[in-house]
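**Q** I am attaching a structure below and will ask some questions about it afterwards.
The values are calculated or read from the model by the stated rules, or taken from the named source; none is laboratory data. The shown structure was predicted, so the numbers you read here are calculated from the model rather than taken from an experiment. For neighbour counting, all protein chains shown are included, and Cβ atoms are generated from backbone atoms with ideal geometry for every residue, glycine included. Only protein heavy atoms, including side chains, enter the accessible area calculation; ligands, DNA and RNA are left aside. Shrake-Rupley method; radii C 1.70, N 1.55, O 1.52, S 1.80 Å.
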Amino acid sequence: MTQTPPLPAPRQHAFFLDFDGTLAPIVDDPGGVHMPDDTRDAIRALQARTDRAVAVVTGRALVDLVPHLRGLQLPLSGSHGHEVWHPGDPPVARSGMAPALEPAEARLRALAARHNLVLERKPGALTVHFRGMPHLEDIVRDAVGQEAERGDDLKALHGNMVAEVVLAAAGKGAAIRGFLDAAPFLGRRPVMIGDDVTDEDGFAAAQERGGFGIKIGAGDTCAHYRLASVAALAEWLDAVAESDLTAPPE
């Protein structure tokens, strides 16, 4: 049974944060998502306490993520680990889709058109959204699963009202392991925070490296800990940052 998370020492840990459903509430239109000011302020405080060992690890394409992170300079991983950006790199630009995904696009686009769904084309994924149409879940997941089975270099990911064909080598766990190989994350214990099935391999990677995962909201998870909501996470991040102000030197 998952429990409320403890307050880890900021100078010993690295923090990896999902975006939708974690830093910002889920909305029907992914383009209309908004990160609350309390969450933005909490991230800024945590960056200062961790010497910037805070990153966003998301399934979103980075070009679609960056506009929602105004005022924050964070290392980023997008498209389930397919894209990586660090502060100081050239500005994020729209990338072409991985060639391995191209054969699936026409068939999934036809599926989306038949059922009035949204197909999102990302550099490392093809994502079919069925928010507001839960009765189509089996149809969408079956179609995405069939496309993933067509190639050894593809896999299916099923999340909150989405199903995706992604590159088999990608994943949030791989992204976290990559970040941990270099400063400012090197030598720290990772904390992965997310809300969906697509975050599970990130939780597992963090826990394999001596850290822990935090699941936002309900649902089965391998994460050791749980918080109830986006607002609860903002409060917890603030508490982590403030805990370091009076902590003895490590």
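**Q** For segment 35-86, give me each residue that is assigned to a helix (DSSP H, G or I) and among the aliphatic types (A, V, I, L, M).
**A** Once the filter is applied, which keeps residues that are assigned to a helix (DSSP H, G or I) and among the aliphatic types (A, V, I, L, M), segment 35-86 yields Ala42, Ile43, Ala45, Leu46, Ala48, Leu62, Val63, Leu65, Val66, Leu69.
**Q** Quick one: count up the residues across segment 1-24 that are part of a helix (DSSP H, G or I) and open to solvent by 10 Å² or more (accessible area, probe 1.4 Å).
**A** 2
**Q** Within segment 65-81, can you find the residues that are in contact (Cβ under 8 Å) with a residue 40 or more places away in the chain and in contact with a helix residue (DSSP H, G or I) (Cβ under 9 Å, 6 or more places away or on another chain)?
**A** Pro75, Ser77, Gly78, Ser79, His80, Gly81
**Q** Across segment 187-230, what is the total count of residues that are among the hydrophobic types (A, V, I, L, M, F, W, C) and either assigned to a strand (DSSP E or B) or without any contact (Cβ under 8 Å) to a residue 24 or more places away in the chain (or both)?
**A** Going through segment 187-230 one residue at a time, the tally reaches 11.
**Q** Would you pick out the residues in segment 1-60 that are of a type in the set (Gly, Ala, Ser) and under 30 Å from Met133 (Cβ atoms)?
**A** Correct list: Gly21, Ala24, Gly31, Gly32, Gly59.
**Q** Looking only at residues that are small (Gly, Ala, Ser) and surrounded by 14 or more Cβ atoms within 10 Å (Cβ to Cβ) in segment 76-92, which one is farthest from His158 (Cα to Cα)?
**A** Among them, the one singled out is Ser77.
**Q** Ok, one more. If you go through segment 192-216, how many residues are out of contact with any helix residue (DSSP H, G or I) (no Cβ under 7 Å at 6 or more places or on another chain), of a type outside the set (D, E, K, R) and at pLDDT 95 or above?
**A** So the count comes out to 5.
**Q** Here is a further query. Does any residue of segment 217-235 turn out to be open to solvent by less than 30 Å² (accessible area, probe 1.4 Å), among the aromatic types (Phe, Trp, Tyr) and modelled with pLDDT of 95 or more?
**A** So far as segment 217-235 goes, no, none of its residues is open to solvent by less than 30 Å² (accessible area, probe 1.4 Å), among the aromatic types (Phe, Trp, Tyr) and modelled with pLDDT of 95 or more.
**Q** Which numbered condition in (1) under 17 Å from Thr58 (Cβ atoms); (2) open to solvent by 30 Å² or more (accessible area, probe 1.4 Å) is the only one that Ile176 fails?
**A** (2)
**Q** Filter segment 93-111 for residues that are of a type in the set (A, V, I, L, M, F, W, C), open to solvent by less than 60 Å² (accessible area, probe 1.4 Å) and either without any contact (Cβ under 8 Å) to a residue 40 or more places away in the chain or over 12 Å from Leu126 (Cα atoms) (or both) and give the result.
**A** Met97, Ala110, Leu111
**Q** Within segment 112-127, work out how many residues are surrounded by 15 or more Cβ atoms within 10 Å (Cβ to Cβ) and either in a loop (DSSP other than H, G, I, E, B) or touching a His at 6+ places or on another chain (Cβ under 9 Å) (or both).
**A** 8
**Q** Does Ala168 qualify as being at pLDDT 95 or above and not acidic (Asp, Glu)?
**A** no
**Q** What's the number of the only condition in (1) closer than 23 Å to Pro36 by Cβ; (2) open to solvent by less than 20 Å² (accessible area, probe 1.4 Å); (3) of a type outside the set (Phe, Trp, Tyr) that Asp196 fails to meet?
**A** Going through the list (1) closer than 23 Å to Pro36 by Cβ; (2) open to solvent by less than 20 Å² (accessible area, probe 1.4 Å); (3) of a type outside the set (Phe, Trp, Tyr), Asp196 breaks only (2).
**Q** Would you say Val27 is within 21 Å of Lys122 (Cα to Cα), open to solvent by 30 Å² or more (accessible area, probe 1.4 Å) and either assigned to a helix (DSSP H, G or I) or acidic (Asp, Glu) (or both)?
**A** no
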